[in-house]
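The values are calculated or read from the model by the stated rules, or taken from the named source; none is laboratory data. Nothing here was measured: the structure is a model prediction, and the numbers come from that model. Don't worry about glycine lacking a Cβ; one is built from the backbone with ideal geometry, like all the others, and counts go over all protein chains shown. Accessible surface areas use protein heavy atoms only, side chains included; no ligands, DNA or RNA. Shrake-Rupley method; radii C 1.70, N 1.55, O 1.52, S 1.80 Å.
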Amino acid sequence: MDLITAIHERHSVRRYTDSKIPDDIICALQEEINACNSASGLHIQLVLNEPKAFDCFMAHYGKFSGVKNYIALVGPKSSELDGLCGYYGERLVLKAQQLGLNTCWVAMSYKKIPGAFRACKGEKLTVVIAFGYGASQGCAHTSKSAQSVSNINDASPDWFRAGVEAALLAPTAMNQQKFTLTYSGGKVSAKAGPGFYTALDLGIVKYHFEIGAGRENFEWV
């Protein structure tokens, strides 16, 4: 499965089966986490066979069930942290999809379990990503139009169109899609709108846009 296919097939899943994840799948996911940490300076961690984080009122209210594996997105406190976690977290989400797993970004519907992950001095946990074998494959949600999130027009290059299309398939908090992509002279700017978790959402959106557009076709500004 290539990344474009993974983008189209990925849907948020909140209910998981008891099926064991094979060791080779776990190893492949851990290798990708190591690569992300090396590239970003983050301290992302894999948490396995830990059901307590999703055995709480908020998780049940959010209709999560069967979650016992998740990725803890931890990193040094800074104004860039949310965006980095979004970008590299979505890289892991799509890798999981390629490996045959289902995922869901989780911002509030879980509780922190002491010892499940480690945040060193100066670091913080931003969000987690639940993963495993879903009871279903999830479903698509309604998206905004390309025109409502970008300056796309008849003269826009094909790669920009493809990037915006991929960006519209990015998961965002409450499906709010509060971002704007602007193309001008081979350069693209990406801005987050007002709202909760929009900086993290923008990191996710930028990763999707790069996959759709092709990183070689433009510069971020």
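Summary table below
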| item | result |
| --- | --- |
| Criterion: among the acidic types (Asp, Glu) and without any contact (Cβ under 8 Å) to a residue 24 or more places away in the chain - qualifying residue of 90, 80 | 80 |
| Enumeration of residues in the stretch 6-16 that are open to solvent by less than 50 Å² (accessible area, probe 1.4 Å) and outside any strand (DSSP E or B) | 6, 7, 10, 11, 13 |
| Filter result for residue 116 (modelled with pLDDT of 95 or more, open to solvent by less than 60 Å² (accessible area, probe 1.4 Å) and either on the phi > 0 side of the Ramachandran plot or not in a loop (DSSP other than H, G, I, E, B) (or both)) | no |
| Residue count, the stretch 183-216 (criterion: of a type in the set (A, V, I, L, M, F, W, C), assigned to a strand (DSSP E or B) and either open to solvent by 10 Å² or more (accessible area, probe 1.4 Å) or at positive phi (or both)) | 2 |
| Options 132, 100, 75; residue that is within 22 Å of residue 17 (Cβ to Cβ) and either in contact with a Ser or Thr (Cβ under 8 Å, 6 or more places away or on another chain) or surrounded by 14 or more Cβ atoms within 10 Å (Cβ to Cβ) (or both) | 132 |
| Test: residue in the stretch 86-95 that is open to solvent by less than 20 Å² (accessible area, probe 1.4 Å), farther than 24 Å from residue 6 by Cβ and either out of contact with any Pro (no Cβ under 7 Å at 6 or more places or on another chain) or aromatic (Phe, Trp, Tyr) (or both) | no |
| Members of the stretch 17-37 found to be assigned to a loop (DSSP other than H, G, I, E, B) and either touching a residue at least 60 places away in the same chain (Cβ under 8 Å) or of a type in the set (D, E, K, R) (or both), listed by number | 17, 18, 19, 20, 21 |
| Any hit, the stretch 49-58, residues being out of contact with any Pro (no Cβ under 7 Å at 6 or more places or on another chain), assigned to a helix (DSSP H, G or I) and farther than 28 Å from residue 120 by Cβ | yes |
| Selection status of residue 140, in contact (Cβ under 8 Å) with a residue 40 or more places away in the chain, among the hydrophobic types (A, V, I, L, M, F, W, C) and open to solvent by 50 Å² or more (accessible area, probe 1.4 Å) | yes |
| Given (1) open to solvent by less than 30 Å² (accessible area, probe 1.4 Å); (2) within 21 Å of residue 95 (Cα to Cα); (3) out of contact with any Asp or Glu (no Cβ under 7 Å at 6 or more places or on another chain), number of the condition residue 126 does not satisfy | (3) |
| Residue tally, condition closer than 28 Å to residue 128 by Cβ, touching a helix residue (DSSP H, G or I) at 6+ places or on another chain (Cβ under 7 Å) and modelled with pLDDT of 95 or more, over the stretch 174-197 | 8 |
| Within the stretch 61-72, considering residues that are open to solvent by less than 70 Å² (accessible area, probe 1.4 Å) and either over 16 Å from the mean Cα position of the chain (by Cα) or of a type in the set (Asp, Glu) (or both), the one modelled with the lowest pLDDT | 62 |
| The stretch 30-60, subset of a type in the set (A, V, I, L, M) and open to solvent by 50 Å² or more (accessible area, probe 1.4 Å), residue farthest from residue 15 (Cα to Cα) | 39 |
| Residue list for the stretch 153-182, restricted to those being in a loop (DSSP other than H, G, I, E, B), more than 18 Å from the chain's Cα centre (by Cα) and within 17 Å of residue 211 (Cβ to Cβ) | 157 |
